[in-house]
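We did not get these values from a lab; they are worked out from the coordinates using the rules stated. The structure displayed is predicted, hence computed values, not measured ones. With ideal geometry, Cβ positions are generated from the backbone for all residues, glycine too; neighbour counts draw on all protein chains shown.
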Amino acid sequence: MKITTLNLAGYKNWNDRVSNITAYLNDTKSDVVFLQEVKFNIEYSPFTQSKYLNSLLSTPYTHSQSTVSRIFESSGNESREGLGVLSKYPIVDSEVIVLRKRADDKHTRIIQKVSLLVDSQVVNFTNVHFSNNDYSDEQLEETLRITKERNETSIILGDFNIFNIQTVSNLYSSDYIASTEINQYISFPSENATLDYILIPKTLKCSSISIGENLSDHNALTVDLAI
């Protein structure tokens, strides 16, 4: 099963980037694509970015879903932002969970839980975009706790906003392997850093990891997993 995650970075330089993004998704032929910073702005399109991208692909994904969690206003222009998923497999269940918000944190963050029916078995995913501050570690811990208390095996992926996730490996190492433990890569090139990861349950095997460049301020991350 081929899986891609990408922070779209909203509409920044969108007209210059959209063809690169669709070309990458056409080339990778991923089974499922998870997106962060998926925006909706009627000035650009009556559809969210994920649905608009899907309409441009040579083979559009049969199943899609996007969730708006935040509203931005600038110069009288309103944008809404959230998470999205494009899937070749049926989405049998989905849920959005609002993470705890600290009083001094300007961000309200959500996680998007998605269950796909893959060859008669259900495979669970958790799409994340944590705060770009000290609360990202706490949000990871909360996400892992929710998943564990549900007795759920879930592939957790997205923009963690954590520089070097292995510094908090005590939170996940008993059940997961981080993608950077399999192959070192850069996902945030402007700072020569990595913020995007896939936490792979130890019950699964990863056969390859690759990077897509020049798509947004983040690189895309694509993995092949044996489900």
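For the range 140-227, the Kirkwood hydrodynamic radius from C-alpha pairs, put into Stokes-Einstein at 10 °C and a viscosity of 1.306 mPa s, yields a diffusion coefficient of 118 µm² per second.
So what's the net charge close to residue 105: Lys and Arg +1, Asp and Glu -1, counting the other residues with Cβ under 12 Å from its Cβ?
+2
Estimated at 0.36 nm per residue, the fully extended path between residue 138 and residue 164 surpasses their Cα-Cα distance by 7.9 nm. Measuring max minus min along each principal axis, the C-alpha atoms of the range 2-226 give extents of 46, 44, 35 Å (largest first).
Given bins 5 angstrom wide, list per bin the percent of all Cα-Cα distances in the range 60-191, short to long. Reading the bins upward from 0: 2, 9, 17, 20, 20, 17, 10, 4, 1, 0.
As a rough footprinting exposure proxy, the listed residues 98, 123, 128 were ranked by other beta carbons within 10 Å of their own, and the order from fewest upward is 98, 123, 128.
Evaluate E = 1/(1 + (r/R0)^6) for residue 208 and residue 152, where r is the Cβ-Cβ distance and R0 equals 35 Å; express this FRET efficiency to the nearest 0.05. Plugging the Cβ-Cβ distance into 1/(1 + (r/R0)^6) gives 0.85. Here is the list for the range 1-65: trypsin sites (Lys or Arg not before Pro) lying in DSSP coil, each with at most 16 other C-beta atoms within 10 angstrom of its C-beta, are 12, 29.
Between residue 175 and residue 28, the contour length at 0.36 nm per residue exceeds the alpha carbon distance by 50.1 nm. By the beta-carbon count within 10 Å of each Cβ, the least crowded to most crowded order of 37, 152, 43, fewest first, is 43, 152, 37.
Exposure proxy ranking for 102, 80, based on other Cβ atoms within 10 angstrom of each Cβ and starting from the fewest, stands as 102, 80. Charge tally for residue 208 (other residues, Cβ to Cβ under 10 Å; Lys, Arg +1; Asp, Glu -1): 0. Based on DSSP H segments of at least four residues, each scored -39500 (n - 2.57), the chain has a per-residue ellipticity at 222 nm of -5500 deg cm²/dmol.
Before anything else, pin down the relative contact order of the range 1-53: Cα pairs under 8 Å, at least 6 apart, normalised by residue count, whole percent. After rounding, I find 46 percent. Note: the range 25-130, Cα convex hull, 108 Å³ per residue. Taking every C-alpha pair closer than 8 Å and separated by at least 6 residues, the mean separation divided by the residue count of the range 2-226 gives a relative contact order of 20 percent. Classification of the range 80-158 by its C-alpha gyration tensor yields a prolate form. The axis ratio a/c (a ≥ b ≥ c) is 1.5 or more, and a/b outweighs b/c.
So which of 51/205; 148/202; 88/113; 2/113 end up more than 21 Å apart by C-alpha?
Pairs exceeding the cut-off: 51/205.
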